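The values are calculated or read from the model by the stated rules, or taken from the named source; none is laboratory data. Note that the structure is a prediction, hence the values are computed from the model and not measured. Backbone-built Cβ (ideal geometry, glycine too); neighbour counts: all protein chains shown. Accessible surface is based on the protein model in full, side chains and every heavy atom, while ligands, DNA and RNA are left aside. Shrake-Rupley method; radii C 1.70, N 1.55, O 1.52, S 1.80 Å.
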Amino acid sequence: MAKVTELTKKVLAEDLAAKYGWTKKDANEAVNYVFDEIGKTIKKGGVANINGFGKFSVVKKKARMGLNPATGEKIKIAASKAPKFKASKTLKDLVK
């Protein structure tokens, strides 16, 4: 893997193609498959637990009152869902 300061799906696909002798198209499809499956799983309310990397899930945020920063007026913020990532101990130790 070349020295990279920003890892993108394109870089991942290029590295897979080079390392395993795949075509860039096949490597790109493999990378997209992984991210698509993670997205589909958490969208359905499941958890994507990647051993040694981390856990992807969805958290529900309750409705609450907030302030419009421009006017200071109180506004109601609707309930929503948001993706959540929790790094594994292995990943945390790696970046220490």
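Look at region 26-48: where a residue is over 20 Å from Val11 (Cβ atoms) and a partner is in a helix (DSSP H, G or I), sitting 6+ places away or on another chain with Cβ atoms under 8 Å, you get Val47/Thr41; Ala48/Glu37; Ala48/Ile38; Ala48/Thr41; Ala48/Ile42.
Of the listed requirements (1) small (Gly, Ala, Ser); (2) modelled with pLDDT under 95; (3) over 23 Å from Leu94 (Cβ atoms), Ala79 misses just one: (2).
Condition first: part of a helix (DSSP H, G or I) and surrounded by fewer than 12 Cβ atoms within 10 Å (Cβ to Cβ). Can you find one or more residues in region 64-78 that meet it? The answer is no; no qualifying residue exists. Phe35 passes every criterion in (1) modelled with pLDDT under 95; (2) open to solvent by 80 Å² or more (accessible area, probe 1.4 Å) apart from (1).
In region 52-63, which residue that is in a strand (DSSP E or B) and among the small types (Gly, Ala, Ser) is least open to solvent (accessible area, probe 1.4 Å)? Before the answer, list the steps.
The initial filter retains those residues of region 52-63 that are in a strand (DSSP E or B), namely 54-61.
From what is left, the residues that are among the small types (Gly, Ala, Ser) are 54, 57.
On the way: Gly54: 3, Ser57: 22 Å².
Out of the qualifying residues, it is Gly54.
Taking the criterion of being surrounded by 15 or more Cβ atoms within 10 Å (Cβ to Cβ), of a type in the set (D, E, K, R) and under 30 Å from Lys81 (Cβ atoms), would at least one residue in region 2-14 satisfy it?
Within region 2-14 (the criterion being surrounded by 15 or more Cβ atoms within 10 Å (Cβ to Cβ), of a type in the set (D, E, K, R) and under 30 Å from Lys81 (Cβ atoms)), the answer is no, since none of the residues qualifies.
Of the candidates Lys92, Lys86, the single residue that is in a helix (DSSP H, G or I), modelled with pLDDT of 95 or more, open to solvent by 50 Å² or more (accessible area, probe 1.4 Å) and closer than 25 Å to Lys9 by Cβ is Lys92.
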